[in-house]
Amino acid sequence: MTPDNTPTVSNDIKIAALLAATIASFFTPFMGSSVNIALPSIGLEFGADAILLNWVTNGFLLAAAIFAVPFGRLADIHGMKRIFTYGLVIFTLASLFCALSPSVYFLIASRILQGIGTAMIFVTGLAIITSVYPPQHRGKAIGINVAAVYVGLSFGPILGGLMTQYLGWRSLFLLMVPFGLLVIGIVFWKLHDEWAASKGEKFDYGGSILYSLMLFLVMYGFSSLPQVDGWAMLILGLVGFLAFIRWELRAKSPVFNVRLFKNTAFTFSSLAALINYSATFAVTLLLSYYLQYIKGLEPQTAGIILVAQPIIMAITAPITGRMSDRIEARLIATVGMATVTIALFTMTFIDSTTPITNIILGLAVLGLGFGLFSSPNTNVIMGSVQRKFYGVASATVSTMRLIGQTLSIGIATLVFALLIGRVQITPDQFPALMESIQLCFVVFTALCFIGVFVSWWRGERKDVE
């Protein structure tokens, strides 16, 4: 044991753990950003409308969010490496199914399965890194891991645009198969240890069912607004949320220890992450539509333009991760959130005549803000809980990201449903599409402005071991 109670781990294990988690953190966001570029091509092949197309992304995010917390708890009990490996297998198989999809409905179902595998990967990868790296080096490791996410986002639009244009959208999913096999190989070759801080404790099946059902009703209901059934599911979901909180407070071994939210740093950092992802994730989707429909660009060209944001993220994240080991993370993250707000505000003014250089500049500023925010914020969340809650904390990071991403797409879907309707996007729909994109950016700017204050109110960071 080290002086700070972190178990002594060899450098080989640290490197292997970081490598496996980082590669996995690369190809899962790559999948998301590349699929956003491919959505117009998928819609053309299957004759799907804009609302149904959004479910190719939404179904994936919904499944990942629903299963993140239960799998985080299972990882604490049965071992992080085990859940991580199972997740890799499911993700790899689901990617193959996506590539072979005969219809848009089969594709959505396969994306849901892919989301389940992603949940298992995300909640364990970060927890494994946190388990093997002591606090004084953890920010740097988390920064590298977060950078991999942004590198995946960077390559997604470029490589996704190229592959969609010259090899077809199915090639994107086929590319994931060798990536998955590579990480599985690293795990079996080098990671012989297991991390299960809550080994022997019982799994909370009742809480898990309540959590999954509640989250499904809230997120699916939100995405179905303004229809009556959407409101009904949203209300039922909120009732389910209260039932879940009551259940967890009474459970001897809860799937999610809601008492963690008594920790101000944990609570406000998690809420800040939720707001940040809610306000930013749909940007790629909106600008993909804007560049291909309004500007008439090919997928390859649109992808090259969209890469401005994640490239700046990838450069910034490792630096801010290392800085957060020495400088108050609240300050760095809040500056990042404010920068994101400014970038989103500038995008509220885009129209059919906006120069491409303005779009690139706005994306670059957005990437800078996100890079400043994400690594320090994640470091605070993981450092604010005891070791036995690493799986749950990692699941919280993933859940906030995934719920935020789903809400972001849900907001876009709701705006599209109100202003465009369930029709294929044709030149006749371009004015309504442009109005929808502008309104989405207004909503996202308002959200992020609130997030600036949430980020600051978290208080000073105090690591727990």
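Please work out whether segment 107-164 counts as rounded, prolate or oblate from its C-alpha gyration tensor, where a ≥ b ≥ c are the square roots of the eigenvalues and a/c under 1.5 means rounded, while otherwise a/b larger than b/c means prolate and anything else oblate? Note, shape of segment 107-164 comes out oblate.
Can you tell me how segment 208-349 classifies by the Cα gyration tensor, rounded, prolate or oblate, using a/c under 1.5 as the rounded cut? Oblate is the answer for segment 208-349, as a/c is 1.5 or above yet b/c matches or exceeds a/b.
Think of the chain as a dipole: +1 on every Lys or Arg Cβ, -1 on every Asp or Glu Cβ, centred on the Cα centre; then among THR396, LEU62, GLY79, GLY79 lies furthest on the positive end. When the trypsin sites (Lys or Arg not before Pro) in segment 234-280 are filtered for DSSP coil states and for at most 10 other beta-carbon atoms within 10 Å of their beta-carbon, the remaining sites are LYS252.
Where a ≥ b ≥ c are the square roots of the eigenvalues of the C-alpha gyration tensor, would you call the chain rounded, which needs a/c under 1.5, or, failing that, prolate if a/b is larger than b/c, or oblate?
Details: a/c = 1.43, a/b = 1.41, b/c = 1.01.
Rounded is the answer for the chain, as its axis ratio a/c remains below 1.5.
Couplings 3J(HN,Hα) of segment 263-280, computed from phi: 7, 4, 4, 5, 5, 6, 5, 5, 5, 4, 4, 4, 5, 4, 5, 4, 8, 10 Hz, in residue order, whole Hz [Karplus 6.51 cos²θ - 1.76 cosθ + 1.60, θ = phi - 60°; x for Gly and Pro]. Among the protein heavy atoms of segment 391-447, carbon and sulfur supply 64% of the accessible surface, probe 1.4 Å, non-protein parts ignored. Give the angle, between 0 and 90 degrees and rounded to the nearest 10, that separates the Cα long axis of helix 308-323 from the longest principal axis of the Cα atoms of the chain. Helix 308-323 sits at roughly 20 degrees to that axis. Rounded to whole numbers, the Karplus 3J(HN,Hα) couplings from phi for segment 45-52 are 5, 9, x, 8, 7, 5, 5, 5 Hz, using 6.51 cos²θ - 1.76 cosθ + 1.60 with θ = phi - 60°, and x at Gly and Pro. Find the centroid of the Cα atoms in segment 343-386 and in segment 207-234, then give the distance between the two in whole Å. Using only Cα atoms, the two centres lie 29 Å from each other.
Based solely on its DSSP helices, what 222 nm [θ] is calculated for the chain when runs of n ≥ 4 H residues each add -39,500 (n - 2.57) and the sum is averaged over all residues, nearest 500 deg cm²/dmol?
Working: 16 runs with 363 residues, N = 465.
The helix contribution divided over the chain gives -27500 deg cm²/dmol.
Place +1 on the Cβ of every Lys and Arg and -1 on the Cβ of every Asp and Glu in the chain, take the dipole about the Cα centre, and give the residue among THR348, LEU285, VAL218 whose Cα lies farthest towards its positive end. Checking the options against the dipole of the chain, the answer is VAL218. Round to the nearest 10 and give me the degree value, 0 to 90, for the angle of helix 205-224's Cα axis relative to the longest principal axis of the chain. So the helix axis and the longest Cα principal axis differ by about 20 degrees. Each Lys and Arg contributes +1 and each Asp and Glu -1, all at the Cβ; summed about the Cα centre of segment 252-406, the dipole is approximately 800 debye. Full extension of the segment from LYS202 to ILE360, taken as 0.36 nm per residue of separation minus the current Cα-Cα distance, would add 51.8 nm. FRET efficiency for the pair TYR166 and THR426, taken as 1/(1 + (r/R0)^6) with r the Cβ-Cβ distance and R0 = 22 Å, rounds to 0.30.
Which trypsin sites (Lys or Arg not before Pro) does segment 318-383 hold that lie in a coil by DSSP with at most 12 other beta carbons within 10 Å? Present the calculation step by step, with values, prior to reporting the outcome.
Working: sites: ARG322, ARG326, ARG330; in loops: ARG326.
Qualifying residues, ordered by number: ARG326.
Rounded to the nearest 10 degrees, the angle from helix 329-347 to the longest Cα principal axis of the chain is 10 degrees. Karplus-derived 3J(HN,Hα) values for segment 112-120, using 6.51 cos²θ - 1.76 cosθ + 1.60 with θ = phi - 60°, are 4, 4, 4, x, 4, x, 5, 4, 5 Hz; glycine and proline are entered as x. Under a model in which nothing but the beta-carbon of Lys, Arg (+1) and Asp, Glu (-1) is charged, the chain shows a dipole of about 1120 debye around its Cα centre. Per residue, the average separation of C-alpha pairs within less than 8 Å and at least 6 apart gives segment 1-142 a relative contact order of 35 percent.
The values are calculated or read from the model by the stated rules, or taken from the named source; none is laboratory data. Given the structure is predicted, the values throughout are model-derived calculations rather than measurements. Reconstructed Cβ throughout: ideal geometry from the backbone, glycine too, with neighbour counts over all protein chains shown. Please note that ligands, DNA and RNA were not included when accessible areas were found on the heavy atoms of the full protein model with its side chains. Shrake-Rupley method; radii C 1.70, N 1.55, O 1.52, S 1.80 Å.
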